[in-house]
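The values are calculated or read from the model by the stated rules, or taken from the named source; none is laboratory data. All of these numbers come straight from a predicted model, not from anything done at the bench. FYI the Cβ positions are ideal-geometry reconstructions off the backbone, even for glycines, and counts take in every protein chain you see.
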Amino acid sequence: MDDLEFLRREFAAEEGSFLAGLRPDMVWDKAAFTRLEQAMRRVCAAYEGHDELPRWLVEGFWACSDGVRDWTGHPAFPRPAPEDYYNNAIERLFDLQYWFVMGESPYLPGTPWEEL
């Protein structure tokens, strides 16, 4: 499956996706998040500098960054990993949203994306 098809399934919160696990199950699957984040990163790179973006992707990046922050911000959301992990992951989603919409990475050229 290519990255666009993968993101279409993720943004639709299809069964087995990272987003489907967050709501209503309140489960943060680290491996599923990594797959989502890496696909989003590759799509950002592919669309960098484009003047036109598919609406469904813009909506998906926006909903993902805001939604994950909102869903995991609930006091009852279980956090078995260190708090910094979740904070960094949510910041990463906002960095990816910025990159996708603005057409350029928020990091200086050549700066590696730290694995979470």
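General observations
- The residue of segment 1-10 that is nearest to Arg55 (Cα to Cα), among those that are surrounded by fewer than 18 Cβ atoms within 10 Å (Cβ to Cβ) and hydrophobic (A, V, I, L, M, F, W, C), is Leu4.
- Tally of residues being in contact (Cβ under 8 Å) with a residue 12 or more places away in the chain, among the basic types (Lys, Arg) and closer than 18 Å to Trp56 by Cα across segment 1-25: 1
- Restricting segment 66-87 to residues that are surrounded by 12 or more Cβ atoms within 10 Å (Cβ to Cβ) and of a type in the set (A, V, I, L, M) leaves a set whose member that is farthest from Asp29 (Cα to Cα) is Val68.
- Cross-chain or 6+ apart pairs with Cβ under 7 Å, segment 99-113 first and closer than 14 Å to Val43 by Cβ, then among the hydroxyl-bearing types (Ser, Thr, Tyr): Trp99/Ser105; Phe100/Tyr47
- When the residues of segment 69-98 are filtered to those that are of a type in the set (A, V, I, L, M, F, W, C) and modelled with pLDDT under 95, the one that is farthest from the chain's Cα centre (by Cα) is Ala76.
- Close pairs (7 angstrom Cβ cut-off, 6 or more residues apart or separate chains): under 15 Å from Pro80 (Cβ atoms) in segment 26-45, outside any loop (DSSP other than H, G, I, E, B) and aliphatic (A, V, I, L, M) anywhere: Trp28/Leu22; Phe33/Ala89
- Of the residues making up segment 11-58, those that are surrounded by 14 or more Cβ atoms within 10 Å (Cβ to Cβ), in contact with a Gly (Cβ under 8 Å, 6 or more places away or on another chain) and within 23 Å of Glu104 (Cβ to Cβ) are Phe11, Tyr47.
- For segment 88-116, the set of residues classified as surrounded by 15 or more Cβ atoms within 10 Å (Cβ to Cβ), part of a loop (DSSP other than H, G, I, E, B) and of a type in the set (S, T, N, Q) consists of Ser105 only.
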